[in-house]
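Let me begin by presenting the structure, written as structure tokens, before commenting on it.
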Amino acid sequence: MKKILLISFEYPIGKSYCGGVGQIVEQSREALLALGYEAHVLISSGFARKDPVKLLFPDNSLKSYPNLGSFLREYGWCHFGYIIHHFVNWTKELKKIARQKGRKPKIIYHFHSILRREKDSGLRTLSHFLHNQERMIEFADRIICPSSYEYDNFIRYFPSFIDKVVVIENTIESFGMDRSRIEKIRCAHKIKKDDVVSLYIGRLERIKGAHILLKEAPAILKKHRNLKLFFVGRSLEQDLYKRLLRLCSRFPGQFFYKKYLDKNELFQYYYLSDIYINSSLSESFSLSTHESALCNNALLLNRLPVFEKFKDAALFFEANDGNFSNKYESLIRNSTLRKELSGKAKVIANAFIHSNKFKNNFCKLINSFAVQNKG
């Protein structure tokens, strides 16, 4: 059956937040449409049957439903030949499908991080999400892993499901430089020629390490008056949001907050920036790190195993050692160091793009199911 349903809690529609998950859903949808499949996306930010949902059709039209039940009355899960799940909502519903007899949709679980690993690392991971993820792994027909790093963790935590998992490394979508738009951004924020611009992109929460930068920012901004620091991302923790607003008020010409930027606009900020900061405490891949490297940013990264590919092309800090400020300030002061590191990081990002086969591998996986069905 040519009808495919992707399920996501986010998707790049309109002026709203969209992180890495939504971007990968979009890339998956485009690959499926190019292959001739009727790719639909079911979108809901909630996790209960009563929560409203939206259905994106192959022709880009969008229909809203008051709840999941309303959607199922019109279509039903078995209306689709494949269901590709990108989170852990509605796990009970999908488990019912897996247990059905006779013809039923193939269920593919496309995960973005292993919650058991995050829990074991001391991060605050809700137990019901963790439980639902492990149920998804148990009954899915196939599992898509987003990186080689996370594959190693998968086989450590779930060795009995190794035959189900396939690595399809995440990919990135790039946009060209728009010099006139960059000049407008410079004017809007009064960015001078000798200013140093840095970016943080990610949710405003502790798992993303936002608290590290917010804690150190006042002293750094006070010391380096030529620093312009942009925070881009949705606020999820109220205490961090209040701290961010205080910084905006205290440093109106240096510290800026953008809740959302569409992807083309975001890339103009990448091109404008000198330093990209990823203070996250847990990453499976990090689209934004690859994107910023591609746009010639010097990288300041938390020392996580997934960033090993940038080991000679970035400055690293240890979240627990208090050396964040020293590393950040060395990049602010030293333009030669920034140029050296950004050049190396760009080479790595370019090599990744040219070797990435996300769409081909994704289509190959779907086609393998089609061959099995014919057999």
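The values are calculated or read from the model by the stated rules, or taken from the named source; none is laboratory data. For clarity, every value in this text was computed on a predicted model and none was experimentally measured. All Cβ positions, glycine included, derive from the backbone under ideal geometry; neighbour counts span all protein chains shown. Only protein heavy atoms, including side chains, enter the accessible area calculation; ligands, DNA and RNA are left aside. Shrake-Rupley method; radii C 1.70, N 1.55, O 1.52, S 1.80 Å.
Would you confirm whether any residue within region 156-166 is within 18 Å of Val306 (Cβ to Cβ) and open to solvent by 60 Å² or more (accessible area, probe 1.4 Å)?
Taking every residue of region 156-166 in turn, at least one turns out to be within 18 Å of Val306 (Cβ to Cβ) and open to solvent by 60 Å² or more (accessible area, probe 1.4 Å).
Identify the single condition in (1) in contact with a Pro (Cβ under 6 Å, 6 or more places away or on another chain); (2) open to solvent by 10 Å² or more (accessible area, probe 1.4 Å) that Phe80 does not satisfy, given that it satisfies every other one.
Failing condition for Phe80: (2).
Go through region 262-280 and give me each residue that's in a loop (DSSP other than H, G, I, E, B) and under 27 Å from Ser335 (Cα atoms).
Residues satisfying the conditions are Ser273, Asp274, Ser279, Ser280.
Among the residues of region 49-64, is there at least one that is in contact (Cβ under 8 Å) with a residue 60 or more places away in the chain and more than 25 Å from the chain's Cα centre (by Cα)?
Within region 49-64, not a single residue is in contact (Cβ under 8 Å) with a residue 60 or more places away in the chain and more than 25 Å from the chain's Cα centre (by Cα).
For the subset of region 95-114 comprising residues that are surrounded by 22 or more Cβ atoms within 10 Å (Cβ to Cβ) and without any contact (Cβ under 8 Å) to a residue 60 or more places away in the chain, which member is nearest to Leu130 (Cα to Cα)?
It comes out as Phe111.
For residues in region 39-54 being among the small types (Gly, Ala, Ser) and touching an Asp or Glu at 6+ places or on another chain (Cβ under 9 Å), which is surrounded by the fewest Cβ atoms within 10 Å (Cβ to Cβ)?
Here the residue is Ser45.
With the checklist (1) open to solvent by less than 40 Å² (accessible area, probe 1.4 Å); (2) under 30 Å from Ile107 (Cβ atoms); (3) among the small types (Gly, Ala, Ser) in hand, flag the one item Ser355 doesn't pass.
(1)
Quick check on region 55-74: of everything there that is under 17 Å from Tyr37 (Cβ atoms) and in contact with a strand residue (DSSP E or B) (Cβ under 8 Å, 6 or more places away or on another chain), which residue is surrounded by the fewest Cβ atoms within 10 Å (Cβ to Cβ)?
Phe57
Quick test of your reading of the structure: Ile191 fulfils all but one of (1) at pLDDT 90 or above; (2) among the hydrophobic types (A, V, I, L, M, F, W, C); (3) open to solvent by 60 Å² or more (accessible area, probe 1.4 Å). Name the failing condition by number.
(3)
Which condition number in (1) in a helix (DSSP H, G or I); (2) open to solvent by 60 Å² or more (accessible area, probe 1.4 Å); (3) of a type in the set (Ser, Thr, Tyr) is the one that Ser174 fails?
Ser174 satisfies every listed condition except (1).
Give me the residue from region 290-306 that is under 20 Å from Ser273 (Cα atoms) and part of a helix (DSSP H, G or I) and, out of that set, most open to solvent (accessible area, probe 1.4 Å).
In this case the residue turns out to be Leu294.
Is region 239-256 home to any residue that is touching a residue at least 12 places away in the same chain (Cβ under 8 Å) and at positive phi?
No, the conditions are met nowhere in region 239-256.
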